[in-house]
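The values are calculated or read from the model by the stated rules, or taken from the named source; none is laboratory data. If you're wondering where the values come from, they're calculated on a predicted model, not measured in any experiment. As a convention, Cβ positions derive from the backbone with ideal geometry for all residues, glycine included, and neighbour counts pool all protein chains shown.
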Amino acid sequence: MPFLEANGAQMHYELSGPVSAPVLVFSNSLGTNIKMWTPQVEALGERYRILRYDTRGHGQSAVTPGPYSVKQLAEDVVSLLDGLKLGEVSFCGLSMGGMVGMTLALRVPERIRKVVLCCTAAKLGSTETWNARITAVQKGGMAAVTDAVLERWYTPPFRATAPEQIQQTKQMLLSTPPEGYVANCEAIRDEDLRERIARIQIPTLILMGKDDPVVPLADGRFMAERIRGSQYVELPAAHLANIEASDAFTKELATFLEA
């Protein structure tokens, strides 16, 4: 498994696909790792050079002292791209990864060809909700929140009919370092991009889950109204729409990237 020093942290990543193909970067949600993007890599791996990485504090990437900031997480991406000598890329991030995508689109638009914001918001959750989550993990580890998180990430029918995917997601959550999870919770809690996203000028696709209790559809529509020229699509899924509605998600992603 390759690692690279990026912005002061050892980052775990996977770079695959044709060397001459356009580069597509995937950024994971809170509490997951690069494995969450397996459906998209399997579907798009021959058409794109795909870079997946574990966000700082997640998966096999370093758990540096927190709290983190979304700006810091975006700087991690730029440093990783520089280290791998990758120039302009398209970027797809879900939830926390979507906030990173917005920040990259604002701070380094010359590096981002297109950005895909999935099941995310310019302001995710409330301070009170995040503080309660942080306290729960500090006291009881990841097991204290995993079952509740899974209930919100997938619809009841999907949880009942896709036990393998549910188990894989549960393992990602349970294997996330508690200290890294908390530091990223703090990053999300403290970020508010609502006043800035109207300055995003690169092509933007917003993908939302119709049944997502984590991020209301109103938050997706808010982004769509403010990011000029953005495309907005609702998918039949809850929060991890790239897994629950993987075929529809990948189709919308590919259509947007290839337009």
Practice task
Write out, first by first residue and then by second, each pair whose Cβ atoms fall under 9 Å of each other, whose residues are 6+ apart or on separate chains, and whose first residue, in region 6-23, is at positive phi while the second is in a strand (DSSP E or B) and of a type in the set (D, E, K, R).
Solution key: Gly17/Arg49
Problem - Search result, residues across region 86-140 that are within 20 Å of Leu257 (Cβ to Cβ) and either acidic (Asp, Glu) or modelled with pLDDT under 95 (or both) - result: Glu88, Glu110
Problem - Residue match in region 87-107 (condition: more than 26 Å from His239 (Cβ to Cβ) and among the hydrophobic types (A, V, I, L, M, F, W, C)) - result: no
Problem - Per-region count, region 119-135, residues free of Cβ contacts under 8 Å to residues at least 60 places away in the same chain and surrounded by 15 or more Cβ atoms within 10 Å (Cβ to Cβ) - result: 3
Practice task
Would you check if Thr155 is in contact with a Leu (Cβ under 8 Å, 6 or more places away or on another chain) and surrounded by 15 or more Cβ atoms within 10 Å (Cβ to Cβ)?
Solution key: no
Practice task
Might you check whether a residue that is under 19 Å from Gln168 (Cβ atoms) and in a loop (DSSP other than H, G, I, E, B) occurs anywhere in region 5-20?
Solution key: no
Handout entry: Any chance Met11 is hydrophobic (A, V, I, L, M, F, W, C), within 14 Å of the chain's Cα centre (by Cα) and surrounded by 22 or more Cβ atoms within 10 Å (Cβ to Cβ)
Key = no
Practice task
Taking the residues in region 192-207 that are hydrophobic (A, V, I, L, M, F, W, C) and in a loop (DSSP other than H, G, I, E, B) as candidates, determine which candidate is surrounded by the fewest Cβ atoms within 10 Å (Cβ to Cβ).
Solution key: Ile202
